[in-house]
Amino acid sequence: METPKIFESEYKFCLILWENEPVNSTELVKLCKTRLGWSKATTYTVIRRLSERGVLKNENATVTSLVSKAEAQAAQMDELMDRTFEGSLPAFVAAFARCRGVTKKELEDVRRLIDEYEEDK
């Protein structure tokens, strides 16, 4: 199943949801007001839209996610890779390293991740 699209402002909402779930919708409205400056109507609109797209469910005023943070991040990475780097991981890594710079520790961490990935194959 393909992960539903989550737009930037919705992702900020989802960060709050993932941190607090399961959460009562009234409490979620309060959290969104404090952290995002959203009105009650805006929060309920986002809950409805994300529910319709299968990102979350709202049952008995309790909101829970149907898409994990890791799944949402992976989908966003796939979209970025396809749209910007024509699906090329090496091109993405090269651009990332050029723009941001990579510390020795980060390189070691990446090597470890690659080694672990190869071991699992």
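Points to keep in mind about this one:
- All of (1) crowded, with 17+ Cβ neighbours inside 10 Å; (2) in a loop (DSSP other than H, G, I, E, B) hold for Leu28 with one exception: (2).
- Between Thr3, Thr34, Thr45, Thr64, the distinction of being touching a residue at least 24 places away in the same chain (Cβ under 8 Å) and not in a loop (DSSP other than H, G, I, E, B) belongs to Thr64 only.
- Residues satisfying the stated conditions in region 90-111, i.e. among the aliphatic types (A, V, I, L, M) and within 13 Å of Leu80 (Cβ to Cβ): Ala91, Val93, Ala95
- The one condition in (1) loosely packed, with under 12 Cβ neighbours inside 10 Å; (2) at negative phi that Gly101 fails to fulfil: (2)
- Search result, residues across region 6-24 that are outside any helix (DSSP H, G or I) and not polar (S, T, N, Q): Ile6, Phe7, Glu21, Pro22, Val23
Bear in mind that the values in this text are calculations on the coordinates, not laboratory data. Note that the structure is a prediction, hence the values are computed from the model and not measured. Positions of Cβ are backbone-derived with ideal geometry, glycine not excepted, and every protein chain shown enters the neighbour counts.
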